[in-house]
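Asks: My questions all concern the structure below.
The values are calculated or read from the model by the stated rules, or taken from the named source; none is laboratory data. Since we're looking at a predicted model, the values are computed, not measured. Here Cβ is always computed from backbone atoms with ideal geometry, including for glycine, and neighbour counts include all displayed protein chains.
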Amino acid sequence: MVVKGQEKGQGLTEFALVLPLLLTLILGIFSLGIFFHDWAQANDSAHDAVHAAAIHIVDGSGRSCQDRAAEALGDPFFVMVESQTFTVAPCSADPYWVGPSGVQVVGTWELTVNPPIPFIYSNFGFPATVTMKFEDTIR
């Protein structure tokens, strides 16, 4: 096969043109996977915290309903969390508070998260930060 002088390096040029698009696509898919993993983990953590608040038992340890819920919630595993708020109702900071029997315990956890690879999101019109809100109710 005879290659004309004008076609030398054509494959390399095409590869150089396609490579940035391919890398952006792969990094975007990877970043989206990380985001959904973090979302699922945060949802499970919020459920565990509300469950811990719902089964709060006064045992004389000095830990309140809020303390037990915060302990079950733990620190967010995400490296990119900017801010977070967690509320549980009805719940008290008093370690000897006992809620009414059979009442619904509602917890809300609101997170502001930076995306794992920000330049992909900002270049394609996605928000720079994402606010996730998780609510759970246990009776």
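Listed here are the residues, each with its yes/no results for (1) modelled with pLDDT under 75; (2) closer than 20 Å to VAL50 by Cα.
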position: PRO95; (1), (2): yes, yes
position: VAL103; (1), (2): yes, yes
position: VAL106; (1), (2): no, yes
position: GLU110; (1), (2): no, yes
position: PRO115; (1), (2): yes, no
position: ILE120; (1), (2): yes, no
position: GLY125; (1), (2): yes, no
position: PHE134; (1), (2): no, yes
position: THR137; (1), (2): yes, yes
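Asks: Return the residues of region 40-57 that are crowded, with 16+ Cβ neighbours inside 10 Å and under 14 Å from the mean Cα position of the chain (by Cα); say none if nothing qualifies.
Replies: ALA42, SER45, ALA46, HIS47
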